[in-house]
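See below for the structure under consideration.
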Amino acid sequence: MALDLLAARAAIERHCRRTPLVAAPALGNGVWLKLECLQRTGSFKLRGACAALASTSAREVVTASAGNHGLGIALAARALARRATVFVPETTPAVKRDGIAALGTEVRVAGTGYDHAEAAARAWAAERSLPFVSPYDDEAVIFGNGGTTGEEILSQRPEVAQVVTPIGGGGLAAGLLGALAGRGVVLAGVQPAQNCAMAESLRLGRALTRYTGGPTLCEGLEGAVGERTYRALAAAGVEITLVDDAAVRRAIGFAYREIGLVLEPSAAIGLAALREGLLEPRSPCVVIATGANIEPDLLDQVLRQ
């Protein structure tokens with residue numbers, strides 16, 4: 001989706017929250033959390049969805065999502081008087097599937113992983129001559145998700161030295177790089193060890209646009225990367241830290257008990273990297289807490305451990 005910058009900014013300003021940046025001394029001196037978990041729909045993905053739908057004249061779109069992008073598209077579609085169909089894999093938590101449907105958007109479950117859902121969505125869109133909105137490899141989505149989040153971080157903490165971000169397909173990270181360019185800020189990526197297409201892409205020197213990884217608690221970070229996002233991260237020399245699911249579970253519990261935040265696994269992975277000593281923070285360090293949409297049963301299970 002080509003970016004209409006003025007329309008995208010206007011839609012984001014109207015429909016998205018400017019989320020807080022709060023100190024997190026429990027994670028270390030000079031560590032701050034960017035609370036996108038308090039965004040409408042419970043995730044930063046609303047930003048990119050608003051940017052994408054505001055940048056097109058199409059009255060109907062198709063997308064694929066692990067969950068949060070679908071929630072964003074559903075709310076943006078309702079706000080901007082559009083129609084959308086969202087394809088999700090079987091791994092998408094019910095809290096996200098139900099949330100998309102509750103916003104009036106059709107949800108179709110296809111395949112056991114994100115890449116299967118995307119293939120089905122692209123085929124559906126092609127059959128009906130409808131635009132497909134990628135949740136990560138899309139100019140408007142990249143700007144909305146990462147660009148505007150990065151701009152807010154700079155306005156809230158101009159002296160920031162490091163931004164820690166979860167990485168799936170790479171859209172958030174690519175947008176952050178655009179916003180932070182020339183400011184001397186180090187972008188540190190974090191991925192689940194079991195499903196890390198971007199880390200593998202950077203290691204191999206090519207974009208893994210098709211990728212079969214293992215199952216992970218961080219279902220929002222599953223799947224392949226885009227050529228556009230890979231090139232952005234490769235050019236910037238972004239380094240990625242890998243974190244296992246056990247550490248993510250501990251971070252979810254830590255966030256709830258020590259900071260008072262409800263975080264989904266994909267959002268807790270950055271905290272996990274710092275807590276486990278896998279990533280050294282550079283003060284001032286901003287960790288993006290990307291989402292709050294965790295299954296209640298999973299949260300209960302984690303807190304009982």
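The values are calculated or read from the model by the stated rules, or taken from the named source; none is laboratory data. Model, not experiment: these values are computed from the prediction. Glycine gets a Cβ as well: all are built from the backbone with ideal geometry, and neighbour counts include every protein chain shown.
For this structure, a couple of remarks:
- Here Arg78 fulfils each of the conditions (1) more than 19 Å from the chain's Cα centre (by Cα); (2) touching a residue at least 40 places away in the same chain (Cβ under 8 Å); (3) not in a strand (DSSP E or B) apart from (2).
- In the range 94-132, the qualifying residues are those that are within 16 Å of Gly223 (Cα to Cα) and touching a helix residue (DSSP H, G or I) at 6+ places or on another chain (Cβ under 7 Å), and the one that is modelled with the highest pLDDT is Ala110.
- Residue match in the range 20-32 (condition: surrounded by fewer than 24 Cβ atoms within 10 Å (Cβ to Cβ) and either within 16 Å of the chain's Cα centre (by Cα) or at positive phi (or both)): yes
- Any pair with Cβ under 8 angstrom, 6 or more apart, that starts in the range 13-36 at a residue that is within 14 Å of Arg275 (Cα to Cα) and at pLDDT below 95 and ends at one that is surrounded by fewer than 22 Cβ atoms within 10 Å (Cβ to Cβ) and small (Gly, Ala, Ser): Gly28/Ser283; Asn29/Ser283
- Qualifying residue in the range 62-75 (condition: aliphatic (A, V, I, L, M), over 20 Å from Thr290 (Cβ atoms) and touching a residue at least 60 places away in the same chain (Cβ under 8 Å)): yes
- Any hit, the range 199-210, residues being in contact (Cβ under 8 Å) with a residue 60 or more places away in the chain, at negative phi, surrounded by fewer than 23 Cβ atoms within 10 Å (Cβ to Cβ) and not assigned by TED's automatic domain parsing to the domain that holds Glu60: yes
- Look at (1) within 24 Å of Cys16 (Cα to Cα); (2) aliphatic (A, V, I, L, M); (3) part of a helix (DSSP H, G or I) and you find that Ile294 fails only one, number (3).
- Considered as a group, the residues in the range 33-65 that are over 22 Å from Arg250 (Cβ atoms) and touching a Phe, Trp or Tyr at 6+ places or on another chain (Cβ under 7 Å) include one that is surrounded by the most Cβ atoms within 10 Å (Cβ to Cβ), and that residue is Ala51.
- Within the set Arg9, Arg78, the sole residue that is farther than 15 Å from Glu139 by Cβ and surrounded by fewer than 24 Cβ atoms within 10 Å (Cβ to Cβ) turns out to be Arg78.
- Any hit, the range 259-268, residues being within 23 Å of Val31 (Cα to Cα), outside the structural domain of Gly67 (by TED's automatic domain parsing), crowded, with 24+ Cβ neighbours inside 10 Å and without any contact (Cβ under 8 Å) to a residue 24 or more places away in the chain: yes
- In the range 35-47, the condition of being touching a Leu at 6+ places or on another chain (Cβ under 7 Å) and β-branched (Val, Ile, Thr) is met by at least one residue.
- A single entry from Arg249, Arg183, Arg228 fulfils the requirement of being outside any helix (DSSP H, G or I), among the basic types (Lys, Arg) and in contact (Cβ under 8 Å) with a residue 12 or more places away in the chain: Arg183.
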